[in-house]
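All of the numbers you see were taken from the coordinates with simple rules; none came from a lab. What you are looking at is a predicted structure, and each value in this text was computed from that prediction instead of being measured. Cβ: placed from backbone, ideal geometry, glycine included. Neighbour counts: every protein chain shown.
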Amino acid sequence: MMDMDMLQMTDLKQVLIQDRIFSCFQLLIVNFAAINKRDYHLTFPNSWGFYLNDKKYDTDSLGSRLSTGWSGGFDEIKINTGIAIKSYDTKNLEEVLNVMKKYSDEDTMWIVKTDSFWCPWTLGYQKQHMNHCILIIKNDTYHKVMYCLDPYWNFEINKIDYCDLKQSCKQCYSIRTDTDTQPKVDWDQLIYHAVVSIFDQSGVTTFYEIRKFADEISKNINFEIEHKGYIEQHLAPIYRQLFRVSSGRTNLYNLLDEYKKYDNIEEYMKAKNNIIKISNWWRNVILMIGKSAYHSDTNNDMKVVAEYINKIADVEESTATQLLNLFK
């Protein structure tokens, strides 16, 4: 694994990125890119998505069915940054340790899926179960502890013992650089494919999914189901997933903003500025839904929210068409 002594001598605040537009999993990949001097803007170009899974059970919350449509894209990350990620179908600490023993070398770090309830440095420790990910930089088998980075929470090298990991350790991923330097990237093609992808999610567009969500939220939201099991309202899936949707738009804006080639083209600048507006509008949706949970006339509130979401879908679709025409 990476030399921890070298990391200890590094001012991690100058190296690590703590930006919650990324999920905890994405943020680890972004920071691995930053540590290895790769362009982290290129890690998740296909962040512009929206998907609402079908309801299977009456107890399904609307938030648990919602996603950004991002599926991992490890091949794309490798092409764009030279960072290779491989998943292993581990289910517990013993299996994770066996995989690490078999495949570890000085260039490899490990992303481990866990639960913030068992991560001592998080606010959720022993309070709230929440899926989480950490970046393992050293596995001390003698003392039965692991050392990790978790830029979602801090800029420290954190220690977690096997006892806590045994309660929550799940799937793991190896992550390493597969090229000596940052690969050259065709930015035009990168942005083109980022836009094209939202017009085809298994034959269904992102905008159709947004409008479907608007229709459902106007008829079927149940706040008791949405908030069940969460000590704080904002931790419920409907708010966290909509934040991921907003963040995906911000991530796309940052990608477009990095590419200066078309900054003198009015249509490009208009589309780029629309993207950040759209991101802010999704934040407004979160606030509107959160406030309506405490109102007596929730049904009327949700109709207003649905109208607002449909307007977002219209602007997203016209903006995507603008960008597609520029890059095709």
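Can you list the HN-Hα couplings for the stretch 313-328, worked out from phi with the Karplus curve (6.51, -1.76, 1.60; θ = phi - 60°), rounded to whole Hz and with x for Gly and Pro?
Whole-Hz 3J(HN,Hα) from phi for the stretch 313-328: 4, 4, 5, 4, 5, 5, 5, 4, 5, 4, 5, 4, 5, 6, 9, 6.
Return the calculated 222 nm mean residue ellipticity for the chain, to the nearest 500 deg cm²/dmol, obtained by summing -39500 (n - 2.57) across DSSP H runs with n ≥ 4 and dividing by the residue count.
Values: 12 runs with 153 residues, N = 328.
Theoretical 222 nm ellipticity from helices: -14500 deg cm²/dmol.
At 7 Å along the Cα-to-beta-carbon direction for both Lys219 and Trp121, put a label point, then send me their distance in nm to one decimal.
Between Lys219 and Trp121, the simple spin-label model gives 4.7 nm.
Just going by the charge dipole of the stretch 187-327, with Lys and Arg at +1 and Asp and Glu at -1 on Cβ, which of Ile312, Met302, Ile286 is farthest out on the positive end?
Farthest towards the positive pole: Ile286.
When N counts the residues of the stretch 273-328, how does its alpha-carbon radius of gyration compare numerically with 2.2 N^0.38 Å, as a ratio? Intermediate results must be reported in sequence, preceding the final value.
Numbers: Rg = 14.2 Å, N = 56, 2.2 N^0.38 = 10.2 Å.
Here the Cα radius of gyration is 1.40 times the empirical estimate.
Any idea what the alpha-carbon Rg over 2.2 N^0.38 Å comes to for the chain? Can you show the working numbers first?
Working: Rg = 20.8 Å, N = 328, 2.2 N^0.38 = 19.9 Å.
Ratio of Cα Rg to 2.2 N^0.38 Å: 1.05.
Suppose every K and R has +1 on its Cβ and every D and E has -1 on its Cβ; what is the size of the dipole of the chain about the Cα centre, in Debye to the nearest 20? Before the final figure, lay out the partial values.
On the way: 38 positive and 44 negative charges, 67 e Å.
The dipole magnitude comes to about 320 debye.
What is the magnitude of the charge dipole of the stretch 187-327 about its Cα centre, with +1 placed on the Cβ of each Lys and Arg, -1 on the Cβ of each Asp and Glu, and no other charges, expressed in debye to the nearest 20? Intermediate values should be presented prior to the final figure.
Numbers: 16 positive and 19 negative charges, 45 e Å.
Roughly 220 debye, rounded to the nearest 20.
Less than 20 Å apart at the alpha-carbon level, and either on another chain or at least 8 residues along: which aspartates and glutamates does that give for Lys102?
Lys102 reaches Asp3, Asp89, Glu94, Asp140, Asp178.
Which shape class applies to the stretch 238-313: rounded if a/c is under 1.5, otherwise prolate when a/b exceeds b/c and oblate if not, where a ≥ b ≥ c are the square roots of the Cα gyration tensor eigenvalues?
The shape class here is prolate.
Mind scanning Lys101/Lys170; Lys127/Lys303; Lys37/Lys311; Lys78/Lys311 and naming the pairs with a C-alpha gap bigger than 28 Å? Kindly include the intermediate steps, with their values, before the conclusion.
On the way: Lys101/Lys170 16 Å; Lys127/Lys303 35 Å; Lys37/Lys311 40 Å; Lys78/Lys311 36 Å.
Going by Cα-Cα distance, Lys127/Lys303; Lys37/Lys311; Lys78/Lys311 fall outside the 28 Å limit.
Anyone know which of Ser174, Ser318, Ser23 comes out most mobile in the 10 Å Cα GNM of the chain?
Ser318
Give the distance, in whole Å, between the Cα centre of the stretch 108-151 and the Cα centre of the stretch 225-299.
28 Å
Radius of gyration and Dmax for the stretch 187-327's Cα atoms, expressed in Å?
Taking only Cα atoms of the stretch 187-327, I get Rg and Dmax of 16.6, 51 Å.
Expressed as a rounded percentage, what relative contact order does the chain have, with Cα pairs under 8 Å and six or more residues apart? Let's see the in-between values first.
Values: 521 pairs, mean separation 74.8, N = 328.
RCO, the chain: 23 percent.
Kindly write out, for the stretch 208-222 in residue order, the coupling ³J(HN,Hα) from the Karplus curve 6.51 cos²θ - 1.76 cosθ + 1.60 (θ = phi - 60°), rounded to whole Hz, with x marking Gly and Pro.
Taking θ as phi minus 60°, the curve returns 4, 5, 5, 5, 5, 4, 4, 5, 5, 5, 7, 10, 10, 6, 10 Hz for the stretch 208-222.
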